[in-house]
Amino acid sequence: MTSSNSFLQEPKGLKSWLVTLDHKRIGILYLIGISVAFALGGAFALMLRLELLSPAKDFVGPDAYNRLFTLHGAVMIFLFIIPGIPAALGNFVLPLMLGAKDVAFPRLNLTSWYIYIVGMIMALVAIFTGSVDTGWTFYTPYSTQTSGAVVMMTMAAFVLGFSSIFTGLNFLVTIHKLRAPGMTWFKLPLFIWAIYATAIIQILATPVLGITLLLLVLERVLAIGIFDPAMGGDPVLFQHFFWFYSHPAVYIMILPAMGVISELISTFSRKKIFGYKAIAFSSFGIAFISFLVWGHHMFTSGQSELASMIFSFLTFLVAIPSGIKVFNWLATMYKGSISLETPMLWALGFLFLFSIGGLTGMFLGTLATDIHLHDTYFVVAHFHYVMFGGTVMAFFGGLHYWWPKIWGRMYNEFWAKISVLLVFVGFNVTFFTQFIMGAKGMPRRYWTYLDQYTRLHGFSSVGSLIMAVGFAIIAVYLLHSIFKGRKVGANPWGSLTMEWETSSPPPVHNFEKDMVLTHGPYDYDKVIPRDN
Amino acid sequence: MDSTGTLFLPPGSSTIAGDVDAVFNLILYVGIFFFVLVVGLAAFFVFRYRRTETPGLTSGKDHNLKLEILWTVIPSIIVVIFFVVGFRTFLKMNIIPKDAMEIKVTAQRWMWAFDYPEGANSINELVVPVNKPIKALLSSTDVIHSFFVPEFRIKMDVLPNRYTMTWFEATRVGEYDLLCAEYCGKGHSEMVAKVKVVDRGEYEAWLEKATAFDESIPLKEHGEKFFKTKACNTCHTNDGAGSVGPTFKGLFGHEVIFSDGSKLKVNENYIRESILDPRAKVVMGYQPVMPTYQGRIKDREIDALVAYIKSLSE
Amino acid sequence: MDHSQNRPAYLQHHFSDVTQQAESAKLGMWVFLLTEILLFGGLFVAYSIFRSWNPEMFYNAHKYLDVTLGSINTVVLITSSVTMALAIRSMQLGQKQKTLALLWSTLILASVFLVIKYFEYSHKFHLGQLPGKYYTFTGVEGNNPHIFFSIYFVMTGLHGIHVLVGMAVITWMIIKTSRNKFSSEYYTPLELTGLYWHLVDLIWIYLFPLLYLIG
């Protein structure tokens, strides 16, 4: 099927892209933004690993190192991983999956992107005017005392928060009001459920981050004394405020990833998803509990033992819905017809890495062991297994899955498989070693370290290079495919969700006709998907 | 007590280390079981149900109540067990024995200072008797730090506006690393002290020495020792290399320019003032980050440091 | 694309009918108001914590707030909420001139609120009751009285910014109304502005007793 007027072709010109209200184009604009952020954050990470090759000063000294790890964290979290799946992939596919012509508020959608760009520019300004060395957590009183562009970076995060809130609001209303006729709540693709749960967290948690960062800025500018012990304030209060947002925020990052995985596993197993409602509701379970566990970041902060006990208990509750999802995915694969195309490889990589990430969370939720492991490389490794092994793997899985829908062309399958392998191996080499170092007592955020960790650090650094090669290959073949890739039809993978019923790339208004739901998103027991 | 450590854990050298390690290992083995289960099943399914021909309709079975109850209830029971054993050990880690010896620990950028009940004090070296519960009363003079001794399995944040505390009872004589685990800026990675666990007699002897000053050794040799034990070397070098603060090499008698533009030829009184009130005069190009040594250093010790710094200009 | 012929000009292309568009807009606004409440929620939490730590200082410091001016402002803001609601009602009835008059009244009342706030602020600046390190006033007994004024200025300041934003939006609504953009069928933007303005009012209704009356 060829379409005379795909959204890529019409209207023409750079300006038409910059003022576009089309969710598909805005999705691509986001994709460009987050790719820049990912490259930048990745470059920072490589520089960190380069420095850590040996305890000596290999590359940069303490000042530069402290800035690099701060920037790596801040850029990856605020500019890449939070907007990654919802704003970039979500923007493109959410209305398509719903059979809608656009999101509910297209102008707000474009505004969100511009706010994101403003935030990104502010972050870059901060990097080039004195930089920031507080860590992405901005802990007081360090952050109110240190020199550098802390105010600018904090304001950047504040601005980016608004972008995230507006995206969440937009999606929530879209899901409520713009579903195609016949698409009842339990006929929604699970990716939509995940985005919905994510939107709730974005809406409820991000404003609290906003006010926290605002208070931090005022603390630096006016010394209002809320967080500064010298003025009667309390630095631990900042930690409470900060984690009240930032813990739910990690679910803003992981829930959409879980949604992508549900789509991938069902599609590539060509099998009805097992436990649809359990997967959908577990997203809400996770979202709800996520608001009650922030204190598990503070077991060593001197908070009361009672508080620690409660937070530890609630933290364990998160494990159950997460486990339910994993078991449901496995049950979906059972008796399926499993095809190992690239998106599925990313999904399997996700299962492997996220299992490790989730299970190592047990050590950190348990009070006795967290005391030893807190603020060590064990936490760094756990976090990366969940965020990279989870979210980034799912992001790339989703990107490879929807790529032919976006561009109407397919990437090179051979190189795609090679790079999954490189990233997977490189990742494990980089971060599994960090579990060992952390448990042995290597604290995080050290630019130099005791001699006994030299071999493990060296190993870890080599792993990061392998990953970098993998990502470089991905960049090359994806860009190449936009222009030279093999043309594909509407439904190259044989999926049953609605975005595959329109041409690739879709026409300007998404569908040639008004959509009506004819079958459920995973009815592989009733419908054989048309390949084109 | 395990004295070699495992693949993950370092050797345990405190009374609670064994309990913590038992919890760690329990979670580790249960975790490995579930990991193998999940990845094993995934690998098996991928192999067994791989797509070999164009697929037709597949099974629509999408629920199995018994199975679903099973995979909800079993993990729930397991996490409750984790929680309970973790909490019980945590309580044990938090109940400070009544007969504990209290040592005041002060963290500041970027060193650890210790005040002993007998009146002695030390910097970056915590000397404690073996098999004796030690309560560490922690406070910071600037930002948040964290008191972390991996081999004792303890960690506690050190806050600027209040006291926090932790305790340990070392079970083996030896030297252990005490690390700062909460990011505190430029010298964070070098904010590493030693915990020296010694037997009772050796501790008494150390106390004696720590409170006395041996006049038979030349002053500048004392100074050379204090350069390290008072943690001057965290931020100053003695070989002319750059660091957080000015190098001591050739400093004495050399003219320095301060951040307010005034100048001074470095003399004994300036060195003394810089130790006791370091932010009074800050050399241009450096940050006013040095903590005061007021109350942490004796006059004879200052004499020794002055002698040592002088010797570096000869 | 063949859309049905009876699509009014204000109906955007991606909505299938007027009801869907209006309901979406309202849902979006309610969600937005929720985020606003959470934004202020953080400050209310900070207020409660510092109040529980320093109850006497808060009590002593709050005496320096002018209850009379605060009360007048409360009345002014509540009245403005009423005129806003009436403005929407008038548009529902298609009475454009009345709507305009009521919107103007709302705008004027909002300005009165800010003018009174200005007098309160400048009096405090004059006395040195400023936030944080600029605090020089010595009359309050208790520890760290600057914290009370920090919280006072942050909360009322953020609220004041919301009043300013509200005034800008009301002005825009006045322009749109006078350009005949609204009718008794379509007045969603007016309704949303009203919702926002009631929220601004509501937040003040919490701020006033917490800061001025009980300290």
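Checking the stated criteria, B:Phe45 turns out not to satisfy the condition of being within 7 Å of chain A (Cβ to nearest Cβ), hydrophobic (A, V, I, L, M, F, W, C), touching a residue at least 40 places away in the same chain (Cβ under 8 Å) and touching a helix residue (DSSP H, G or I) at 6+ places or on another chain (Cβ under 8 Å).
Please verify whether B:Lys155 is more than 12 Å from chain A (Cβ to nearest Cβ), of a type in the set (Lys, Arg) and either part of a strand (DSSP E or B) or surrounded by fewer than 18 Cβ atoms within 10 Å (Cβ to Cβ) (or both), treating the condition exactly as stated. No. Looking only at the range A:301-320, residues that are within 9 Å of chain B (Cβ to nearest Cβ), out of contact with any Pro (no Cβ under 6 Å at 6 or more places or on another chain) and either in a loop (DSSP other than H, G, I, E, B) or in contact (Cβ under 8 Å) with a residue 12 or more places away in the chain (or both) come to 9 in all. If I filter the range B:1-42 down to residues being in contact with a strand residue (DSSP E or B) (Cβ under 7 Å, 6 or more places away or on another chain) and within 19 Å of B:Val85 (Cβ to Cβ), which single residue comes out as nearest to the other protein chains (Cβ to nearest Cβ)? Across the range B:1-42, the extreme among qualifying residues is B:Ser14. Among the residues of the range A:258-290, how many are of a type in the set (A, V, I, L, M, F, W, C) and in contact with a Pro (Cβ under 6 Å, 6 or more places away or on another chain)? Adding up the residues that qualify gives 2.
The set of residues in the range A:321-338 that are part of a helix (DSSP H, G or I), facing chain B (nearest Cβ under 7 Å) and among the aromatic types (Phe, Trp, Tyr) contains only A:Phe327.
In the range A:53-61, is there at least one residue being under 27 Å from A:Tyr449 (Cβ atoms) and surrounded by 19 or more Cβ atoms within 10 Å (Cβ to Cβ)? Scanning the range A:53-61 turns up no residue that is under 27 Å from A:Tyr449 (Cβ atoms) and surrounded by 19 or more Cβ atoms within 10 Å (Cβ to Cβ). You will find that of A:Gly295, A:Gly233, A:Gly259, the residue that is small (Gly, Ala, Ser), farther than 20 Å from B:Phe82 by Cβ, surrounded by 22 or more Cβ atoms within 10 Å (Cβ to Cβ) and at pLDDT below 95 is A:Gly233 and no other. Of A:Val379, A:Val386, A:Val392, A:Val326, all but one fail to be closer than 19 Å to B:Lys155 by Cβ and within 20 Å of the chain's Cα centre (by Cα); the exception is A:Val379.
Only one residue in A:Ala490, A:Ala472 is in a loop (DSSP other than H, G, I, E, B) and either over 23 Å from A:Arg270 (Cα atoms) or more than 14 Å from every other protein chain (Cβ to nearest Cβ) (or both). Which one? Just a single option satisfies the conditions, and that option is A:Ala490.
Scanning the range B:114-142 for residues that are within 18 Å of B:Val173 (Cβ to Cβ) and β-branched (Val, Ile, Thr) returns B:Val127, B:Val128, B:Val130, B:Ile134.
Scanning the range A:1-30 for residues that are surrounded by fewer than 19 Cβ atoms within 10 Å (Cβ to Cβ) and not in a loop (DSSP other than H, G, I, E, B) yields A:Ser6, A:Leu14, A:Lys15, A:Ser16, A:Trp17, A:Leu18.
Return the residue satisfying two criteria in turn: it lies in the range A:205-226 and is of a type in the set (Val, Ile, Thr) and facing another protein chain (nearest Cβ under 8 Å), and of such residues it is farthest from A:Ser290 (Cα to Cα). Looking at residues that are of a type in the set (Val, Ile, Thr) and facing another protein chain (nearest Cβ under 8 Å), I get A:Ile224.
Summed over the range C:142-168, residues that are free of Cβ contacts under 8 Å to residues at least 40 places away in the same chain and either aromatic (Phe, Trp, Tyr) or surrounded by 15 or more Cβ atoms within 10 Å (Cβ to Cβ) (or both) total 3. Taking (1) in contact (Cβ under 8 Å) with a residue 60 or more places away in the chain; (2) within 12 Å of chain C (Cβ to nearest Cβ); (3) among the hydrophobic types (A, V, I, L, M, F, W, C) in turn, A:Ile192 satisfies each apart from (2). Of all residues in the range B:158-169, which are within 7 Å of chain A (Cβ to nearest Cβ) and either of a type in the set (Asp, Glu) or not in a loop (DSSP other than H, G, I, E, B) (or both)? If the condition is that a residue be within 7 Å of chain A (Cβ to nearest Cβ) and either of a type in the set (Asp, Glu) or not in a loop (DSSP other than H, G, I, E, B) (or both), then B:Thr164 is the only one that fits.
For A:Ile279, the conditions (1) farther than 24 Å from B:Ile32 by Cβ; (2) more than 7 Å from every other protein chain (Cβ to nearest Cβ); (3) surrounded by fewer than 23 Cβ atoms within 10 Å (Cβ to Cβ) all hold with the exception of (3). Considered as a group, the residues in the range B:4-29 that are in contact with a helix residue (DSSP H, G or I) (Cβ under 6 Å, 6 or more places away or on another chain) and not in a loop (DSSP other than H, G, I, E, B) include one that is nearest to A:Gly358 (Cα to Cα), and that residue is B:Ile27.
Count of the range C:143-172 residues, restricted to those that are more than 10 Å from every other protein chain (Cβ to nearest Cβ) and outside any helix (DSSP H, G or I), is 0.
Among the residues making up the range B:256-304, none is in contact with a strand residue (DSSP E or B) (Cβ under 7 Å, 6 or more places away or on another chain) and under 17 Å from B:Lys220 (Cα atoms). Pairs linking a residue in the range C:125-137 that is under 16 Å from C:Lys63 (Cα atoms) and more than 7 Å from chain A (Cβ to nearest Cβ) to a residue that is in a loop (DSSP other than H, G, I, E, B) and of a type in the set (S, T, N, Q), with Cβ atoms under 6 Å and 6 or more positions apart or on different chains, are C:Gly128/C:Thr136; C:Phe137/C:Gln129. In the range A:101-186, counting only helices (runs of 4 or more DSSP H) that sit wholly within it, the ones holding 2 or more residues that are over 22 Å from A:Val236 (Cβ atoms) and within 14 Å of chain C (Cβ to nearest Cβ) span A:106-128, A:150-177.
Considering A:Phe424, A:Phe388, which residue is surrounded by fewer than 24 Cβ atoms within 10 Å (Cβ to Cβ) and closer than 18 Å to A:Ile265 by Cβ? When all the criteria are applied, what remains is A:Phe424. Screening the range A:504-522 for residues that are touching a helix residue (DSSP H, G or I) at 6+ places or on another chain (Cβ under 8 Å) and facing chain C (nearest Cβ under 10 Å) and picking the one that is surrounded by the fewest Cβ atoms within 10 Å (Cβ to Cβ) gives A:Phe511. Looking only at the range A:368-382, filter to residues that are among the β-branched types (Val, Ile, Thr), within 9 Å of another protein chain (Cβ to nearest Cβ) and in a helix (DSSP H, G or I); which one of those is farthest from A:Pro443 (Cα to Cα)? Here the answer is A:Thr369.
Evaluated against (1) surrounded by 13 or more Cβ atoms within 10 Å (Cβ to Cβ); (2) without any contact (Cβ under 8 Å) to a residue 24 or more places away in the chain; (3) in a loop (DSSP other than H, G, I, E, B); (4) not small (Gly, Ala, Ser), B:Tyr293 falls short on exactly one condition, (2).
The values are calculated or read from the model by the stated rules, or taken from the named source; none is laboratory data. Just so you know, these numbers come straight off a predicted model, no measurement behind them. When we count neighbours, we look across all protein chains shown, and the Cβ atoms used for this are built from the backbone with ideal geometry, even at glycine.
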